[in-house]
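What follows is a short report on a single structure.
The values are calculated or read from the model by the stated rules, or taken from the named source; none is laboratory data. Predicted, not measured: the structure shown is a model, and the values here were computed from it. Quick reminder, even Gly has a Cβ in these numbers, built from the backbone with ideal geometry, and neighbours come from all protein chains shown. Protein only, heavy atoms only, side chains kept; ligands, DNA and RNA dropped before computing areas. Shrake-Rupley method; radii C 1.70, N 1.55, O 1.52, S 1.80 Å.
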Amino acid sequence: EAGVTQFPSHSVIEKGQTVTLRCDPISGHDNLYWYRRVMGKEIKFLLHFVKESKQDESGMPNNRFLAERTGGTYSTLKVQPAELEDSGVYFCASSQQYQETQYFGPGTRLLVL
Amino acid sequence: QKEVEQDPGPLSVPEGAIVSLNCTYSNSAFQYFMWYRQYSRKGPELLMYTYSSGNKEDGRFTAQVDKSSKYISLFIRDSQPSDSATYLCAMSAPDDKIIFGKGTRLHILP
């Protein structure tokens, strides 16, 4: 069974540009989470989808971040316009309905110059 | 005070030694406790998951939770060079998001 996949693995962009990150969860997993780790800090929750609905988006830093999960399958996280402080590793995780165990993807390393 | 405190290390121990990794927390609502292992350039991988106080053993790994002291531990017996990684503690309250520690970098010296 394929795990959680994320694309791209790395992205280097300039301040002010737009970047879209993609996450493909494990097939059949209704729950999808986005996390971010800024250098030197802990992994922090961004938001949680249940199927296509946003269950909790309390961790989203500001309105420059937009997450979608159309159709309840893959999800995208768009940052527009990107700022220097958005640099970090963005992780996606998924889990089955009513299950606490989350499976993480390898992350997307974003560098904003 | 951060909700979850974890010494970032690095921690270096000789092969075969017992490793002890620890976290403290401040939120008494936390009921689910996890340990993740993360290799370089990879995502976190769930190692252990516990719900209550006490010990849980899985092979060479033992997770221990002391809710009265708000203290959790992960013990690794007969440590191997392949155990070298970053170990993250994580915890959550029911129906709430996971809070991670910063992670401890562990090096097992052959």
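A few notes on this one:
- Net charge of Cβ neighbours under 9 Å - reference B:Val19; Lys, Arg +1; Asp, Glu -1: 0
- Of all accessible heavy-atom area on chain A, the percent that carbon and sulfur account for (1.4 Å): 49
- Under 14 Å, Cβ to Cβ, from A:Val79 - net charge with Lys/Arg +1 and Asp/Glu -1: +1
- In terms of accessible area, using a 1.4 Å probe and ignoring ligands and nucleic acids, A:Leu113, A:Leu77 rank largest first as A:Leu113, A:Leu77.
- Bridgeable aspartates and glutamates around A:Lys15 (alpha carbons under 14 Å apart, same-chain partners fewer than 8 residues away excluded): A:Glu83, A:Glu85, A:Asp86.
- Number of partner chain Cβ atoms within 10 Å, mean per residue of B:44-56: 2
- Heavy-atom accessible area, 1.4 Å probe, ligands and nucleic acids excluded: residues of segment B:94-110 down by at least 40 Å² from chain alone: B:Lys97, B:Ile98, B:Phe100, B:Lys102
- Of all accessible heavy-atom area on chain B, the percent that carbon and sulfur account for (1.4 Å): 47
- Between B:Lys67 and B:Asp7, full extension at 0.36 nm per residue minus the direct alpha carbon distance yields a gain of 19.7 nm.
- Here the contact order of chain B, divided by its residue count and restricted to Cα pairs under 8 Å and six or more residues apart, works out to 38 percent.
- Put a dot 7 Å past the Cα of B:Ser82, heading toward its Cβ, do the same for A:Met39, and the two dots end up 3.3 nm apart.
- Comparing A:Tyr98, A:Tyr90, A:Tyr74 in a Gaussian network model of chain A (Cα springs below 10 Å), the most mobile by mean-square fluctuation is A:Tyr98.
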